[in-house]
Every structure is written in structure tokens, then in C-alpha cells.
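The values are calculated or read from the model by the stated rules, or taken from the named source; none is laboratory data. Computed from a predicted structure; not experimentally measured. Cβ: placed from backbone, ideal geometry, glycine included. Neighbour counts: every protein chain shown.
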Amino acid sequence: MILVTGATGTVGREVVRRLHADVPVRIMARDLARITGAGRTAQRVAAQYGDPRSLERALSGVLTAFLVTNRVAGDDDARFLRAARSAGVRRVVKLSAAAVTDRRADDLITRWQRASEELLRHSGMEWTFLRPRAFMSNTLSWAGPIRSEGVVRALHGASANACVDPRDIAEVAVRVLTEEGHAGKGYTLTGPAPITAVEQTRQLGRLLGIPLRFEELTSLEARAALAGRYPAPVVEALLESAERGRAGAKAAVEQTVRELTGRSAGTFHDWAEDHLAAFATDGDAPVPRRRPPLRRGPGQEPRGVA
């Protein structure tokens with residue numbers, strides 16, 4: 001039995017969609033009504049990291065778990081791993097972040113991710129870390145201003161980031177969850193090329209067929225914008241991370257997606273083309289393209305912040 005946590009989030013819901021119907025799957029979420037894309041045979045369980053009894057129910061009979069946590073500096077990883085060990089879980093695949101491998105990264109979010117990885121390393125269970133660069137889907141936060149003003153506002157528009165399509169992260173996760181040979185490994189996941197916010201804006205404008213302009217935020221403006229969404233310590237961590245990006249720390253490209261799936265990582269253009277409905281200024285959004293299937297090697301069954 002595979003347990004998928006974070007199943008209503010950006011990556012978790014894509015993992016759920018890709019797990020083959022023949023694979024025993026249990027989906028954990030706080031709100032079961034928000035689960036989408038699950039197969040008919042998938043089990044669903046309402047659970048929260050802060051509720052030990054619900055975790056016990058979710059983990060009963062589970063051998064492999066996909067772990068997603070997002071409460072920065074919280075103890076959700078520790079709670080889950082204690083419960084998983086007690087339940088007899090054999091291995092845990094943890095969604096982490098690419099920044100943990102950068103010795104220059106010392107912001108709050110990265111320190112928390114490193115600490116979470118250490119907990120899993122010393123848990124007594126097999127572990128694998130998935131360490132993605134920033135999600136391409138982060139640009140969805142631009143959708144409102146694009147629709148209302150035709151503008152994108154962001155910090156350090158010329159900073160290059162090898163951002164990754166969340167669907168690629170999910171395809172790698174499915175491989176790791178359903179195959180042997182990944183224990184004790186950390187996989188850094190990136191897109192096929194670094195791209196700047198200015199170029200993302202340009203590509204979105206061309207796809208939408210409308211003129212978009214990019215407006216550079218000052219550090220003060222970026223701090224004020226982030227303060228409306230995150231606690232102050234997280235805001236400072238994000239600003240520190242952005243400064244590392246401006247220094248080129250996030251531009252390196254890895255070939256991990258190709259190595260594990262047999263195909264190139266998706267481009268931002270591909271991702272944007274498939275998600276134009278979110279940015280469109282009217283109801284005539286293009287029909288998303290169908291994503292190419294996950295390639296499989298001989299004898300394999302079909303599997304269906306940084």
C-alpha cells in the first residue's frame with residue numbers, strides 16, 4: 001500500500017492522477033472533498049499531522065509513503081515519521097527542495113527542509129528525497145494582474161531560475177514510489193533551461209496574444225506584497241532566497257527528469273500553454289495539450305519553494 005500525503009496540493013494531486021489503478025493507494029487529506037483525479041480503487045482517509053489517531057488510521061498497512069509538509073519550522077515531519085515507524089512503513093519519499101544542497105543557502109525555509117531531511121535519514125526507514133527547483137506553477141500568482149491590468153510584477157526580473165513543471169516532479173515521484181533502487185538517494189529536479197521572469201512574461205503574452213509588460217518590484221514593494229500572504233519570518237526567508245537567485249544560485253540545470261523518466265523535462269512554454277485558462281482575460285481559453293505519456297523501460301508496468 002502506498003500512502004500519498006499532500007494529495008490536494010500542487011504535486012500531490014498530480015501524483016494521485018499518475019498512480020496506476022493496479023497499485024494499492026491510500027490518499028490522505030484534511031478535506032476529502034478536495035481530492036481529484038483519484039482512481040476508483042484508491043482509498044481515501046481524512047487525517048492531519050497533528051492528530052495521532054488519524055495518522056495511525058492513515059498509515060495502517062502502508063509500506064511506502066509520499067510525504068509532503070509545508071508548515072515551515074513546524075513539527076509535522078517529526079509527527080508523521082514517528083507514526084510511520086510505529087506502523088511499520090518501510091520507505092518514505094520526501095518532497096524537499098533544491099536549496100538544501102546549496103551551502104550558501106541559510107534562510108529559514110532551507111534550514112527547516114534540511115532538518116526535515118535529517119529526521120528522515122535517521123528514522124530507521126528507507127528514504128528518498130525529491131528536491132525540485134521552483135515550480136513553474138508559481139507564476140499562477142500573476143494571473144490576477146495579468147487579467148486585470150496586463151502586467152506582471154516581480155522581484156529581480158532578470159534572475160534566471162531552472163524552474164520545473166510540477167507534473168515532471170509527480171512523474172519522478174511515481175517512479176520512485178513504485179520501483180526499487182532509489183533508497184538513500186536525493187534527486188534534484190529542474191526544468192530543461194533557466195528562464196527569467198521577464199522571459200516568462202514575454203512567453204505568456206505571446207501565447208495569450210496580448211501585450212504584457214513587466215514591472216520590477218523594489219525590495220520594499222516585494223516585502224509588502226509577501227507580507228499579505230506569509231508570516232514575517234517566511235517573508236524574510238523568501239527575500240533571502242531571491243537574493244541568492246539574483247546571484248545565479250538557481251540557474252543550474254540537472255538531467256534527472258530525463259534520466260528517470262526517459263524524456264526531457266517540460267519547458268515553461270509547454271506548461272504555460274497547458275494552463276492559459278488561468279491567465280486568459282475572457283472565456284475563450286485554449287484547450288490544453290495532452291501531455292506525452294511516461295515512457296517505461298522493458299518489463300515495467302504502466303504507472304499511469306527553491
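Residues satisfying the criterion are absent from the stretch 222-244 (criterion: assigned to a loop (DSSP other than H, G, I, E, B), hydrophobic (A, V, I, L, M, F, W, C) and surrounded by 16 or more Cβ atoms within 10 Å (Cβ to Cβ)).
Within the stretch 1-60, the set of residues being among the hydroxyl-bearing types (S, T, Y) and touching a Pro at 6+ places or on another chain (Cβ under 6 Å) comprises just one member, T10.
Answer with yes or no whether T41 is among the polar types (S, T, N, Q), over 17 Å from G12 (Cβ atoms), modelled with pLDDT under 95 and out of contact with any Cys (no Cβ under 9 Å at 6 or more places or on another chain). It is true that T41 is among the polar types (S, T, N, Q), over 17 Å from G12 (Cβ atoms), modelled with pLDDT under 95 and out of contact with any Cys (no Cβ under 9 Å at 6 or more places or on another chain). Just one of (1) more than 21 Å from H182 (Cα to Cα); (2) modelled with pLDDT of 95 or more; (3) surrounded by 15 or more Cβ atoms within 10 Å (Cβ to Cβ) fails for R53. It is (3). Quick check on the stretch 66-87. Is at least one of its residues out of contact with any Ser or Thr (no Cβ under 7 Å at 6 or more places or on another chain), surrounded by fewer than 18 Cβ atoms within 10 Å (Cβ to Cβ) and within 25 Å of E259 (Cα to Cα)? The answer is no, given that none of the residues of the stretch 66-87 is out of contact with any Ser or Thr (no Cβ under 7 Å at 6 or more places or on another chain), surrounded by fewer than 18 Cβ atoms within 10 Å (Cβ to Cβ) and within 25 Å of E259 (Cα to Cα). Is it fair to say A306 is under 22 Å from I195 (Cα atoms), aliphatic (A, V, I, L, M), at pLDDT below 95 and surrounded by 16 or more Cβ atoms within 10 Å (Cβ to Cβ)? When the stated conditions are applied, A306 passes them.
Scan the stretch 85-111 for residues that are closer than 20 Å to R71 by Cα and out of contact with any helix residue (DSSP H, G or I) (no Cβ under 9 Å at 6 or more places or on another chain) and the total you get is 1.
Listed here are the residues, each with its yes/no results for (1) surrounded by fewer than 23 Cβ atoms within 10 Å (Cβ to Cβ); (2) at pLDDT 95 or above; (3) not in a strand (DSSP E or B).
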residue: N138; (1), (2), (3): yes, yes, yes
residue: E171; (1), (2), (3): no, yes, yes
residue: V174; (1), (2), (3): no, yes, yes
residue: H182; (1), (2), (3): yes, yes, yes
residue: A193; (1), (2), (3): yes, yes, yes
residue: T201; (1), (2), (3): yes, yes, yes
residue: L207; (1), (2), (3): yes, yes, yes
residue: F214; (1), (2), (3): yes, yes, no
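For N70, the conditions (1) touching a Gly at 6+ places or on another chain (Cβ under 8 Å); (2) at pLDDT 95 or above all hold with the exception of (2). For R121, the requirement of being modelled with pLDDT under 95, at negative phi and either over 16 Å from the mean Cα position of the chain (by Cα) or buried (at least 17 other Cβ atoms within 10 Å of the Cβ) (or both) is not met.
Only residues that are farther than 21 Å from A47 by Cβ, aliphatic (A, V, I, L, M) and assigned to a loop (DSSP other than H, G, I, E, B) were counted in the stretch 70-110, giving 3.
Could you tell me which residue of the stretch 88-103 is surrounded by the most Cβ atoms within 10 Å (Cβ to Cβ), considering only residues that are out of contact with any strand residue (DSSP E or B) (no Cβ under 9 Å at 6 or more places or on another chain) and at pLDDT 95 or above?
Here the residue is D102.
Quick check on my filter: what residues within the stretch 1-48 are surrounded by fewer than 14 Cβ atoms within 10 Å (Cβ to Cβ) and under 17 Å from the mean Cα position of the chain (by Cα)? Correct list: T36 only.
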